[in-house]
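Since the structure comes first, as structure tokens, the remarks are kept for the end.
The values are calculated or read from the model by the stated rules, or taken from the named source; none is laboratory data. Note that the structure is predicted; figures quoted are calculated from it, not measured. Glycine also receives a Cβ, built like all others from the backbone with ideal geometry; neighbour counts cover every protein chain displayed.
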There are 2 protein chains.
Amino acid sequence: MARLATTSDVFNAVAEPRRRQILTLLSGGERSVNDLARQLRVRQPQASKHLGVLRQVGLVRVRGAGQQRLYALNGQGLKPIHDWVKTFERQWNESLDRLDAYLKELQKKERDDVRKR
Amino acid sequence: MARLATTSDVFNAVAEPRRRQILTLLSGGERSVNDLARQLRVRQPQASKHLGVLRQVGLVRVRGAGQQRLYALNGQGLKPIHDWVKTFERQWNESLDRLDAYLKELQKKERDDVRKR
DNA sequence: TTGACACATTCCCATATGGGCATATATTGC
DNA sequence: GCAATATATGCCCATATGGGAATGTGTCAA
């Protein structure tokens, strides 16, 4: 079956670093295709393709403006990722808490050792 | 160059739905490979492969327990995704706010219309 | 109409994939 | 040692990819 299509899912669409870059750039406001291509140091066709993927999964919107097309971020499209990853928030906090507790324990031992000297 | 390796990145590793399922299952605690394979309704080798990917990107830890290997979630591995998507939180809140304002505006109009009747 | 510009689409190719399957590699109990 | 169980790994294949390059489509201005 091979890997899922990049357009099958927001997760797959966002797996590509350049597409994440595009979203970051668009968070500053609308941009034209050439604009984005220049910033990404990518040729125009690739920029168009990436934008096409992002559009198919609903992460960006397009608007015609004369002979250029302005792409805008659709922030809501990222919510599924946020919601999913948020369900694990407690998990990594717990790991950090354990690390924190461990470090505190080390420091305590250190103080005790110093005291014994 | 083709698509990036699934092991190149947490984003790529998590793009596969079954791997997300695995992480969800592991958030309930350690599981053996067969255990996971059964829950995912996947054959054992595929489960092992997926777990291998997750391990390579640091999303899970393994621990030998007799003749089985228990996999555990490493929540901190998901933090990069959380951090990235969090930078867009304002974006979709704004969209939602606009939607909210729009709906409120509609309701107001509706009330006014009723009043006029 | 014609040319210039912005963008989209198509074809090519090297590459990695995930599943099926068979097989190697532990580890345990006898 | 040997069989049984749990897991990992290797090979196969169909499929989708992202970049390069060329070409199609649309819009403007003269």
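Tabulated results
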quantity	calculated
Residue list for region A:60-87, filter: more than 16 Å from DNA strand C (Cβ to nearest atom), closer than 14 Å to A:ARG20 by Cα and aliphatic (A, V, I, L, M)	A:LEU78, A:ILE81
Where B:ALA2 falls short, out of the listed (1) among the hydrophobic types (A, V, I, L, M, F, W, C); (2) at pLDDT 95 or above; (3) near DNA strand D (Cβ under 9 Å from one of its atoms)	(2)
Residue in region A:36-56 that is surrounded by 16 or more Cβ atoms within 10 Å (Cβ to Cβ) and within 11 Å of chain B (Cβ to nearest Cβ) present	no
Qualifying positions in region B:26-35 - among the hydroxyl-bearing types (Ser, Thr, Tyr) and either within 14 Å of chain A (Cβ to nearest Cβ) or more than 8 Å from DNA strand D (Cβ to nearest atom) (or both)	B:SER27
Cβ-Cβ under 8 Å pairs, at least 6 apart or on other chains, region B:63-74 side within 15 Å of B:GLY52 (Cα to Cα), far side assigned to a loop (DSSP other than H, G, I, E, B) and of a type in the set (Ser, Thr, Tyr)	B:LEU73/B:SER27
Leading residue by the ranking (farthest from DNA strand C (Cβ to nearest atom)) among those in region B:5-49 that are more than 19 Å from A:MET1 (Cα to Cα) and hydrophobic (A, V, I, L, M, F, W, C)	B:LEU26
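So that you can scan it fast, the table gives a plain yes or no per residue for (1) modelled with pLDDT under 95; (2) more than 9 Å from DNA strand D (Cβ to nearest atom):
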| residue | (1), (2) |
| --- | --- |
| A:ASP9 | yes, yes |
| A:ALA13 | no, no |
| A:ARG18 | no, no |
| A:GLN21 | no, yes |
| A:VAL42 | no, no |
| A:VAL62 | no, yes |
